[in-house]
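A short write-up of the structure that comes next.
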Amino acid sequence: MNSIIIDLKQIISGEVSNKESELEAVSQDFGNIVKKQPQVVIRPQNSSDIAAAIKYAAKQGLTISSRAAGHSLSGQSLNQGGILLDMRSLNQIDEFEPNELWFQADPGVTWKQVVDTALTHGVIPPVLTNNFEVTLGGTLSAAGLGLSSFRYGSQADNCLGLEVVTGTGDIVWCTPEENSELFYHVLCGYGQFGIITKVKNRLRKYRPYTRSYFLCYDDLDQLLHDARRLVSEGKIDGLVSLFSPCLQGISRKENQIKPLIQWFYRMQITIEVDSVHEINDAALLADLKFYRHIHTEDLTFDQFIQPLGQLPHPVNTANTWIDVLLPGRRAKEFIDIALQRLPSFVDFRTVPVGSFCLNSGKHKMPMFPLPDDDLIIGLGMYPTIPKSQVEPVLEQLNLLTDLGLQMGGKRYMATWADFDLPRWRSQFGNYWSTVNDLKRKYDPCGILNPGFFKYEELVETGANRNPTPNPSPQARRGTGI
């Protein structure tokens with residue numbers, strides 16, 4: 001260990017530490033389920049530090065992982081016994097061009113830094129998640145979804161360029177036109193093919209005001225029907241639904257106690273406007289089949305985009321959250337089953353449950369597999385539970401994952417995911433062999449962010465395959481992604 005520290009301090013301009021307190025501080029992520037502790041933490045000053053660390057790790061047979069806010073749930077940002085790169089040290093916005101609608105920044109920059117800068121110029125990133133304290137490199141490695149993803153795709157779909165350090169220590173600038181194969185696989189690639197060291201991202205202009213409608217449904221079919229219509233018509237700027245259980249009594253049939261639950265569904269739709277006085281409410285809400293119009297809220301744009309307060313997570317709890325991406329035609333079937341099962345393994349009264357929509361034509365990242373349908377319905381279930389209950393809850397969530405995959409769905413891998421090889425093959429379909437080939441190409445020693453993806457064993461024919469760098473959305477759906 002002492003020799004590793006001495007070696008790294010000679011080649012790294014940033015900080016190198018093996019203090020127990022600092023190793024412990026990066027040994028868990030937001031999920032609080034997986035624990036891994038590295039031997040060394042590096043806080044790099046630049047991409048050259050990262051390249052030097054990767055070359056050293058390959059030579060010494062050490063694994064190396066990148067981490068910033070640590071908001072993963074399945075240990076994606078952790079490392080066991082190797083080198084962990086703390087990317088929070090790379091946190092500067094280099095260029096901001098509101099007239100040309102782009103900015104360039106370090107991967108450890110938070111989206112809050114970007115938003116605070118952008119609002120003063122009348123622009124905004126096209127997609128924002130509900131947590132601004134996460135970093136550019138973190139969400140671009142996962143995809144990054146928000147209320148407007150049905151219009152603009154994921155955050156990764158709005159990336160214009162990346163500087164990447166590959167598993168061989170090469171520093172590469174890549175865009176959709178230059179080194180495109182690497183560009184399209186580092187995005188949403190969870191650090192498997194390279195580590196992001198610089199980001200160039202799109203901005204858009206926004207209108208100054210928003211109006212949001214809170215609509216209550218007591219029929220899931222009607223909610224999904226209206227969601228499909230609103231997304232396809234393109235008349236709204238934001239959409240999300242939250243599910244609320246109402247306990248109607250207890251059934252004691254056949255000596256089995258079972259809660260009788262009526263679920264209600266609240267859909268929030270939002271439009272951006274120059275003036276709230278120009279809105280025709282009746283025309284916008286005409287023919288929607290909601291049960292009741294609960295509330296209408298007018299906010300300035302900068303008020304609207306601010307995240308709601310984060311829920312507190314008590315000590316000794318775990319965040320066993322999952323998002324399942326479903327083909328629109330099978331969404332109701334899956335959601336009905338999931339809501340029926342939920343009370344059997346968690347306190348359904350305290351678990352946030354909701355849905356969101358994606359338009360498959362807006363997504364072009366092959367490492368973000370989508371179901372074969374134009375409309376994608378995302379179902380999110382977000383239990384925060386005592387750590388003593390983790391195993392039985394994860395067992396049930398894994399069963400729901402398998403059911404979703406069987407129905408042609410996919411998983412959003414930023415949330416909890418416990419995938420073996422069969423699940424990975426199902427997740428990527430025919431594209432899975434390409435994923436394996438690219439891993440061997442860009443990380444031949446297999447040292448980058450290990451332990452999350454479960455790859456096939458190396459076979460002689462693997463190097464002879466010809467990966468497709470950027471399949472069209474139509475081609476991706478045709479091959480199972």
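The values are calculated or read from the model by the stated rules, or taken from the named source; none is laboratory data. What you see is a predicted model, and the numbers here were worked out from it, not measured in a lab. Virtual Cβ from ideal backbone geometry, glycine too; neighbours counted across all protein chains shown. With ligands, DNA and RNA removed, areas are computed over all heavy atoms of the protein, side chains included. Shrake-Rupley method; radii C 1.70, N 1.55, O 1.52, S 1.80 Å.
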Exercise for review: Express the accessible area of the chain per residue in Å², computed with a 1.4 Å probe while the remaining protein chains stay in the model.
Suggested key: 43
Review point. Can you work out the FRET efficiency for the pair HIS277 and PHE214, with r the C-beta to C-beta distance and R0 = 22 Å, to the nearest 0.05?
Key: 0.60
Exercise for review: Describe numerically, in nm with one decimal, the distance between label points set 7 Å from Cα along Cα→Cβ at GLN262 and at SER244.
Suggested key: 1.3
Check your understanding: With Rg and the Kirkwood Rh both taken from Cα atoms, where does Rg over Rh land for the stretch 64-222?
Key -> 1.01
Check your understanding: Ordered by residue, what ³J(HN,Hα) values in Hz, to whole numbers, does the stretch 429-437 give under the Karplus form 6.51 cos²θ - 1.76 cosθ + 1.60, where θ = phi - 60° and Gly and Pro are x?
Key -> x, 5, 7, 4, 5, 5, 4, 5, 4
Point to revise | Shape category assigned to the stretch 223-318 from the gyration tensor of Cα positions, a/c cut at 1.5 | key: oblate
**Study point:** Environment charge of SER27, counting only residues whose C-beta is closer than 12 Å and scoring Lys/Arg +1, Asp/Glu -1
**Key:** -1
Study note, to complete from the structure: Long-range amide H partners of LEU160, meaning residues 5 or more apart or on another chain whose placed amide H is closer than 5 Å, are LYS200, ASN201, ARG202
Study note, to complete from the structure: The distance between the Cα centres of the stretch 252-283 and the stretch 321-345, in whole Å, is 17
Check your understanding: Based on the Cβ-Cβ distance of ASN130 and GLU333, what FRET efficiency does E = 1/(1 + (r/R0)^6) give at R0 = 25 Å, to the nearest 0.05?
Key -> 0.40
Check your understanding: From the phi of every residue in the stretch 340-350, what ³J(HN,Hα) in whole Hz does the Karplus formula 6.51 cos²θ - 1.76 cosθ + 1.60 yield, where θ is phi - 60° and glycine or proline is x?
Key -> 5, 7, 3, x, 7, 9, 9, 6, 4, 6, 10
Revision key, fill the gap. Which of (1) 81, 65, 42; (2) 67, 62, 46; (3) 83, 47, 46 gives Cα extents along the principal axes in Å as computed here? It is (2)
Review point. In deg cm²/dmol, rounded to 500, what helix-only [θ] at 222 nm does the chain give when every DSSP H run of at least 4 residues adds -39500 (n - 2.57) and the total is split over its residues?
Key: -8000 deg cm²/dmol
Check your understanding: Shape of the stretch 44-112 from its Cα gyration tensor (a ≥ b ≥ c, root eigenvalues): rounded if a/c is under 1.5, otherwise prolate when a/b > b/c, or oblate?
Key -> oblate
Study note, to complete from the structure: On the accessible surface of the stretch 172-325, probed at 1.4 Å with all protein chains in place, carbon and sulfur together account for a percent value of 49
Exercise for review: Using only Cα atoms, locate the centre of the stretch 1-67 and the centre of the stretch 93-136, then give the distance between them in Å, rounded to an integer.
Suggested key: 28
Point to revise | Estimated FRET transfer efficiency (GLU457, ILE5; beta-carbon r; R0 41 Å; 0.05) | key: 0.75
Study note, to complete from the structure: Among ASN316, LEU405, TYR190, the residue whose Cα sits farthest towards the positive end of the charge dipole of the chain, when +1 is placed on the Cβ of each Lys and Arg and -1 on the Cβ of each Asp and Glu, is LEU405
Study note, to complete from the structure: Note, the stretch 111-117: 3J(HN,Hα) by Karplus (6.51, -1.76, 1.60, θ = phi - 60°), whole Hz, Gly/Pro = x, goes 5, 5, 4, 5, 4, 4, 6
Check your understanding: From a point 7 Å beyond the Cα of LEU101 in the direction of its Cβ, which residues of the stretch 109-136 have a backbone N at a distance under 13 Å?
Key -> 123-127
